[in-house]
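Read the structure below first, then the notes.
The values are calculated or read from the model by the stated rules, or taken from the named source; none is laboratory data. Predicted model only: the values in this text are computed from it and were never measured. Counting neighbours? That spans all protein chains shown, and the Cβs are built from the backbone with ideal geometry, glycine included. Note: areas computed on protein heavy atoms with side chains; ligands, DNA, RNA excluded. Shrake-Rupley method; radii C 1.70, N 1.55, O 1.52, S 1.80 Å.
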Amino acid sequence: MKLSKAIILVAVATLTFISQCFSDAGTFRTIKASKVLPNQGKNNYKTSNMTDLNPNTIWAASFDGKPIYLYLDYGEKFDEWPIYEINIRNGYHRDQKSLINNSRVKDVKIYVNSLDNLWTEATLPDVKKLPNYTFDTDPELDIFCDPKSKKFNGFNEVDARALCDSDTYQSISLPYDSPVVQGKYVKTIIIEIVSIYPGNKWNDVCISDIAYEGKNSN
């Protein structure tokens, strides 16, 4: 789907909780990280947990004050910038206790393809209260948004891949007119986690999910 310029005109990065469905939403093909917390018992913190759209699973890493890098692979190269918004479930969304005991992302820098190409910077507001999840499950359309369901798929393939519970994400708008992306091939978006909001118990920074709004690669 070709995006309308009227929809995507963005001058600076802005951050909000999303209150509407994503119109052209999707997940990144792969996400890699410079650090990953080791498995603890039955719990794992692998980067693929950020692409399953399940708030009960997370990527986590121990934050020691040095930047942590996330490498988001869009899946293919485009000669037009493909993504105008990154959407993040910031923190451990399994329950309120998990959210406040662990750390959340605060300041980020976002790059295109390499750390030589800074795209934008943003500060995410802290998430101290678990967002309200109101799952819209419809078996007739093969939508199973309830993470407790064994059939959970996280998004509706039928209706433009609209993500379940989009209001549980924070949105970072990406400036389309930046020379960093204009006329260049874009494949990888790099998120540098610069600082965190410390958890009540641990400095392990957690992200439940990362998605995007823009052109689908499928």
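Annotations
- Residue check for Asp146: modelled with pLDDT under 85 and out of contact with any Asp or Glu (no Cβ under 8 Å at 6 or more places or on another chain): yes
- Count of residues meeting criterion [under 25 Å from Trp119 (Cα atoms), at pLDDT below 95 and not hydrophobic (A, V, I, L, M, F, W, C)] in the stretch 51-88: 12
- Those residues of the stretch 170-214 which are outside any strand (DSSP E or B), touching a Pro at 6+ places or on another chain (Cβ under 9 Å) and closer than 15 Å to Tyr74 by Cα, in sequence order: Val181
- Selection within the stretch 166-218 - on the phi > 0 side of the Ramachandran plot and open to solvent by 10 Å² or more (accessible area, probe 1.4 Å): Gly183
- Pairs with Cβ under 6 Å, 6+ apart, first in the stretch 20-42 and farther than 20 Å from Tyr169 by Cβ and of a type in the set (Val, Ile, Thr), second open to solvent by less than 30 Å² (accessible area, probe 1.4 Å) and at pLDDT below 90: none
- When Ser4, Ser34, Ser23, Ser48 are checked against the criterion of being out of contact with any Asp or Glu (no Cβ under 9 Å at 6 or more places or on another chain) and at pLDDT below 50, Ser4 stands alone in meeting it.
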